[in-house]
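Since the structure comes first, as structure tokens, the remarks are kept for the end.
The values are calculated or read from the model by the stated rules, or taken from the named source; none is laboratory data. Nothing here was measured: the structure is a model prediction, and the numbers come from that model. So basically every Cβ, Gly included, is an ideal-geometry build from the backbone, and we count neighbours across all protein chains shown.
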Amino acid sequence: MTGITLLILLVIMVLFLLLALTKKSLLKSAVALACASVMLTIILFILAAPWGAVFELSVCAGLITVVFISTISMTDAKSKREDYEERKLHNKKFAPLFFILAVVVAATAYFLSQQAGIVIQGNELGYDFKEVLWNTRQTDIVGQIVLVLAAVFGITVFFKEVD
Amino acid sequence: MNTADFNLFTVSVLVAALTIVIAAVYTLIRTNNLIRVIIAVEVMMKAVTLLLILAGLVAGNMALIQSFIITIIVCEVAVAIVAAGIAVNCYRKNGSLNISALEKLKG
């Protein structure tokens, strides 16, 4: 039962991601990306990774969508002629993608179905998340702080005063 | 999760991750829009997150993988914000989000 549920969630997530890539409207793309993040959040919750799920939902589905929508609203000024030409090009651009994907997915699924099953070791062996995050992976925290500072500088550039 | 469910999940995650990466790389190659480039990178990060989850399940250590997922998410945000800042400033300078406009920059 869990396998089927996860499969359905994965299929919906992949569809949302393909929509995010191929939609002409960037605003719709950003919303589709947020929906895909929500699907990934549900997958993480089912697979007993609640901390990862909370971060995915609040940051990827929330903050990144806000950043994208702000960017789109700050840069949305296109002439009608440019818009028309882009739409014409856009339809042609993504036509081969679905053919390539169909071939690759069919070939991979066939190849993997021929392989022997992997033996599962159990997804909860008693490791404590807090201990891993604060003790085992302490250096990661420093790296993350540096990344957050980089993002803060990014925000200052983002909302810089225009002369 | 029993073994049959796990095998189904393994196959579907591998296929999904491959699909997502191919679609994102195709978009990166074909598009000229800076915002769509950022979206494609974010989409690829989702494939990485999926593969990390699978790695955690196979190794049986979801706690360690959760810390990696959090690190990946922080990287994702930093990349998105810095790239969005570059895109906005490129638009202010050139009046267009076309990647080829970046060639006009000095330096």
From the option list B:A63, B:A47, B:A83, single residue qualifying as crowded, with 19+ Cβ neighbours inside 10 Å, within 7 Å of chain A (Cβ to nearest Cβ) and either more than 10 Å from the chain's Cα centre (by Cα) or not aromatic (F, W, Y) (or both) is B:A63
So B:N94 fits all but one of (1) within 24 Å of A:A30 (Cα to Cα); (2) of a type outside the set (G, A, S); (3) at the interface with another protein chain (Cβ under 9 Å from one of its Cβ atoms); what number is the exception?
-> (3)
Within segment B:89-107, track down each residue that is in contact with a helix residue (DSSP H, G or I) (Cβ under 7 Å, 6 or more places away or on another chain), over 17 Å from B:V41 (Cα atoms) and among the aliphatic types (A, V, I, L, M).
-> B:A101, B:L102
Near pairs, Cβ below 6 angstrom, 6+ apart or cross-chain, from segment B:44-60 (farther than 16 Å from A:T41 by Cβ) to any residue that is surrounded by fewer than 20 Cβ atoms within 10 Å (Cβ to Cβ) and modelled with pLDDT under 90 | B:L57/A:N123; B:G60/A:Q121; B:G60/A:G122; B:G60/A:L125
Checked segment B:1-44 for anything facing chain A (nearest Cβ under 7 Å), within 20 Å of A:S25 (Cα to Cα) and polar (S, T, N, Q); matches are B:T27
Filtering segment A:139-163 down to residues that are exposed (fewer than 13 other Cβ atoms within 10 Å of the Cβ) and modelled with pLDDT under 80, which residue is farthest from the chain's Cα centre (by Cα)?
-> A:D163
